[in-house]
Amino acid sequence: MFKSGKSIIRLSFALLFLVGAHSIFAQSGSAKFPGIGRVATPAEVAAWDIDVRPDFKGLPKGSGSVEKGQEIWEAKCASCHGVFGESNEIFTPIAGGTTRDDVKTGQVASLKDMKQPQRTTLMKVPTVSTLWDYIYRAMPWNAPRSLTPDDTYALVAFILSLGEIVPDDFVLNNNNIAEVKMPNRNGMTTKHGFWNVAGKPDVNGSACMHNCVPFVQIGSTLPEFARNAHENIAEQNRMYGPYRGADTTKPPIKQLPGSSGAGLAHAVDTHVVSTKGPAALFKNENCSACHAPNAKLVGPSIADIAKKYDGQAGALDRLMAKVKAGGAGVWGSIPMPPQAQLSDEDRRTLVSWMLSGGK
């Protein structure tokens, strides 16, 4: 009886030791780097593990129709890609250059035709999983990871319909996506080192291992005559990240921006992501896809709109009508989609806020 009691006590101490060791390990990272970081939780791993492979491993369950995809497209995508995915104003066209014969053969004939003005997404992408994966993780341009799986299925279905790959009444889901035949599915080659490290490399050459200089400074410069040839680059880049391109209206800076913020492009006003009031309306209605607080994006900035209409009688009513009907011509050729779904009260609140400069 005494021996049995000692065994139980020893077992208890062993269990306590294992639990304690696991707790310390979880808090301190790993044995290789003690005291640094911690082990990621399953939920944290799952949040990042969203890639979808060509064999569709990782594809979440869901479905979406072409009709629903068109609604989402016109609300969140058309301003950059055009109503039919044909626009080249901002990004490379999504649709165009493919035929029904291409869908049958799996080879896009226009890729070898020098008359084709530009290669579109549907001409190049060989796997529908790539299209789904990229849209889900990176779109819309101003709000990546905001689409649900069902939204993504719907958008992919709509894009496929633009290329006449699926009919207009098609409903794409996780069960039938593998049946979709991309126009360039047979145009991908895997017989190279980029796909397989054991294969033949893309380039061949011999390394120079003599008369080597100890240090090489790599850099680039832009000729003065070309510096602002395409207007201010700082106002033409994505709103994410600390640096958005050089301010080409000013002379080149001598060093990269530091903690002082010198050389940074116009900062994004963090109040725009508020959860209440007109700022939230601005974000939820996807106005931020085209309008930034202080810098030209697709359309004019809030600051420029407020400045243009400052003190003008009837500006509120004119802009409310403009927002409802949409159109182009005042700020350039890129059209603003109509926002007829807004109530008159929300439209008045939103326009009043923009005319105040977002205050």
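The values are calculated or read from the model by the stated rules, or taken from the named source; none is laboratory data. All values reported here derive from a predicted model rather than from experimental measurement. Here the Cβ positions follow ideal geometry from the backbone for every residue, glycine too, while neighbour counts run over all protein chains shown.
Could you run through segment 332-359 and say how many residues are under 18 Å from Lys296 (Cα atoms) and part of a helix (DSSP H, G or I)?
4
Identify all residues within segment 41-94 that are of a type in the set (Lys, Arg) and within 30 Å of Pro338 (Cβ to Cβ); write none if there are none.
Lys68, Lys76
Scanning for something surrounded by fewer than 19 Cβ atoms within 10 Å (Cβ to Cβ) and more than 29 Å from Leu147 (Cβ to Cβ), does segment 325-341 turn up at least one residue?
Yes, because at least one residue in segment 325-341 is surrounded by fewer than 19 Cβ atoms within 10 Å (Cβ to Cβ) and more than 29 Å from Leu147 (Cβ to Cβ).
Here is a list: Glu224, Glu285, Glu231. Which entry is modelled with pLDDT of 75 or more, charged (D, E, K, R) and more than 26 Å from the chain's Cα centre (by Cα)?
On the way: Glu285 fails: more than 26 Å from the chain's Cα centre (by Cα); Glu231 fails: more than 26 Å from the chain's Cα centre (by Cα).
Result of the check over Glu224, Glu285, Glu231: Glu224.
Tell me, which residue of segment 84-121 that is outside any loop (DSSP other than H, G, I, E, B) and exposed (fewer than 15 other Cβ atoms within 10 Å of the Cβ) is modelled with the lowest pLDDT?
Taking segment 84-121 first, the residues outside any loop (DSSP other than H, G, I, E, B) are 100-105, 109-112, 121.
With the extra rule that they be exposed (fewer than 15 other Cβ atoms within 10 Å of the Cβ), the set shrinks to 100-101, 104, 112.
On the way: Arg100: 91, Asp101: 94, Lys104: 94, Lys112: 86.
Here the residue is Lys112.
Tell me which of these Ser146 doesn't satisfy, since it passes every other one: (1) assigned to a loop (DSSP other than H, G, I, E, B); (2) within 19 Å of Val52 (Cβ to Cβ); (3) touching a residue at least 40 places away in the same chain (Cβ under 8 Å).
All conditions are met except number (3).
Conditions tested, residue by residue: (1) aliphatic (A, V, I, L, M); (2) assigned to a helix (DSSP H, G or I); (3) modelled with pLDDT of 85 or more.
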residue	(1), (2), (3)
Gln27	no, yes, no
Lys57	no, no, yes
Glu67	no, yes, yes
Gln70	no, yes, yes
Trp73	no, yes, yes
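Looking at Ala198, Ala143, Ala154, can you tell me which residue is aliphatic (A, V, I, L, M), exposed (fewer than 15 other Cβ atoms within 10 Å of the Cβ) and under 28 Å from the mean Cα position of the chain (by Cα)?
Matching residue, one of Ala198, Ala143, Ala154: Ala143.
Answer yes or no as to whether Thr92 is without any contact (Cβ under 8 Å) to a residue 60 or more places away in the chain and either touching a strand residue (DSSP E or B) at 6+ places or on another chain (Cβ under 7 Å) or closer than 20 Å to Met182 by Cβ (or both).
Taking the combined requirement at face value, the residue satisfies it.
Does Gln312 satisfy the condition of being within 26 Å of Ser87 (Cβ to Cβ), surrounded by fewer than 17 Cβ atoms within 10 Å (Cβ to Cβ) and not small (Gly, Ala, Ser)?
no
Would you check if Leu256 is more than 22 Å from the chain's Cα centre (by Cα) and modelled with pLDDT of 70 or more?
no
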